[in-house]
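The values are calculated or read from the model by the stated rules, or taken from the named source; none is laboratory data. Since the structure is predicted, the reported quantities are computational estimates derived from the model, not experimental observations. Positions of Cβ are backbone-derived with ideal geometry, glycine not excepted, and every protein chain shown enters the neighbour counts.
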Amino acid sequence: MMTIRAIALFFLTIGVSACAGIFEDDDIPISEVPAAAVQAAEGAVDGIKLKSAEAKEKDGRTIYEIDGKADGVKHEVKVTADGQVLKVKTET
């Protein structure tokens, strides 16, 4: 009986660990974001001061979600590594 519990616990632990990796954000320093992506984010919002970034894989390419503030307003800019702006979200 103990062996069955041990095996079940093992698989439960592996399953939870695998799921945790799926939902994990890949926070990275702004200094590790490609220059083209940083320049695109800065150009998308006048006066933005970049604060943080996340890298996410989508359809085989890396998308950077870059957060910052301009005039006290928070913005999130989604850009590709080559500097294509995909979306700008402004918190109101």
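Of all residues in segment 30-89, which are acidic (Asp, Glu) and in a helix (DSSP H, G or I)? If you could, list the steps in order and put the result at the bottom.
Pass one, segment 30-89, residues acidic (Asp, Glu): 32, 42, 46, 54, 57, 59, 65, 67, 71, 76, 82.
Correct list: 32, 42.
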Need pairs with beta-carbon distance below 6 Å; first residue farther than 16 Å from residue 39 by Cβ and of a type in the set (D, E, K, R) and within segment 65-82, second outside any strand (DSSP E or B) and modelled with pLDDT under 95; sequence gap 6+ or separate chains. 74/91
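When only residues in segment 40-60 that are of a type outside the set (A, V, I, L, M, F, W, C) and surrounded by 13 or more Cβ atoms within 10 Å (Cβ to Cβ) count, which is farthest from residue 84 (Cα to Cα)?
Going residue by residue through segment 40-60, those that are of a type outside the set (A, V, I, L, M, F, W, C) are 42-43, 46-47, 49, 51-52, 54, 56-60.
Now drop any that are not surrounded by 13 or more Cβ atoms within 10 Å (Cβ to Cβ), which leaves 42-43, 52, 54.
Values: 42: 12, 43: 11, 52: 18, 54: 16 Å.
Only one residue tops the list, namely 52.
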Only one of 58, 51, 74 is in contact with a strand residue (DSSP E or B) (Cβ under 6 Å, 6 or more places away or on another chain) and not acidic (Asp, Glu), namely 51
Residue set 47, 43; condition on the phi > 0 side of the Ramachandran plot, among the small types (Gly, Ala, Ser) and modelled with pLDDT of 95 or more; output residue 47
